[in-house]
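Working notes, beginning with the structure itself.
The values are calculated or read from the model by the stated rules, or taken from the named source; none is laboratory data. Only a predicted model underlies this, so the values are computations on that prediction, with no experimental measurement involved. Quick reminder, even Gly has a Cβ in these numbers, built from the backbone with ideal geometry, and neighbours come from all protein chains shown.
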Amino acid sequence: MKAFLVFVIILSASSLFALTVMAPDNPSSLPLLIAADHIPELEVKLFSNHTQAHSLFLSGKVPLLLTGYAVGESFAQRDVPIKIAASWVSGLNYLVSADTSVSSFTELEGEKIYFPFKGSPIEKMSLWLAEQEGINVEKELEIGYLPFISMQEMMRQGSVKHAVMPVSSALQIVDNEKYFFSFNLDKKWQEITDSDFYPQLCLFYDPRQKDGIPLELIIAELANALELINKNPQMVLNRYSSKLSYSPIIINRTLQYLQFDIVSGKELQDKMEIYFEKSGISKPPRSFYSTD
């Protein structure tokens, strides 16, 4: 009995002092999983329910959150205590089409296009890009919302023709016979703005808990993790694929599409300023990007 109580006390203490980061259950979280192996107090909890993960961060129950940039920005606009720490992945999102591929949003005039939820980062960027190509998104596009798994299934059933989804989801349906990658949002952004950066999946933290977050160590280990992924993806696949819900084949193919390059601190702020200049998108509070 005494041994059991000691175990419970140790377990409770380890949970109490664990530094939890919520991260999406997809290959873009691999750098965090690798970094956590070198930071004993860092605990990565993977999520598929974005609303629940965001609620845990908003309630102060977890100090770190990996999610889409637009989500973090929307929190900042609502005066939620939040700061951006780093960005490290691009090449995430694609327009997937059934029956035929398209090269421009202008070819979708009068069509219905699906996103995971209203106000999602990929919806915001997609509609901004569509507007730059001359589409009146309110009048010339019909918008629908479905979770990624439902998108895939309804595409197979013929109910959905166009959907924007992350490459890890897209690779589960694209076959180059009936379902196609139409275009990469990164390349579309580069074509329109002549810029190679826009914020996608970013690491955010609660500044009220900053004293307990070793940000410099986390960012250093993330940089090491990215180097490992770029140099030895097979080793990463062998060691970490079981932590994700995707098959090793899908993870391996996803890594071939993603680009990993960490941006943080002043460099991130400078790149964000270029992003705002190119896009004309309004800036969140300046404190959001502070490195203090």
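Numerical summary
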| quantity | calculated |
| --- | --- |
| Out of Ile135, Ile122, sole residue that is without any contact (Cβ under 8 Å) to a residue 40 or more places away in the chain, closer than 18 Å to Thr193 by Cα and surrounded by 19 or more Cβ atoms within 10 Å (Cβ to Cβ) | Ile135 |
| Residue count, segment 34-70 (criterion: among the charged types (D, E, K, R) and under 16 Å from Phe204 (Cα atoms)) | 3 |
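Results for (1) modelled with pLDDT under 95; (2) in the same structural domain as Val164 (by TED's automatic domain parsing); (3) more than 25 Å from Val263 (Cβ to Cβ), shown as yes or no for each residue.
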site	(1), (2), (3)
Ser15	yes, no, yes
Phe57	no, no, no
Val80	yes, no, no
Ser97	no, yes, yes
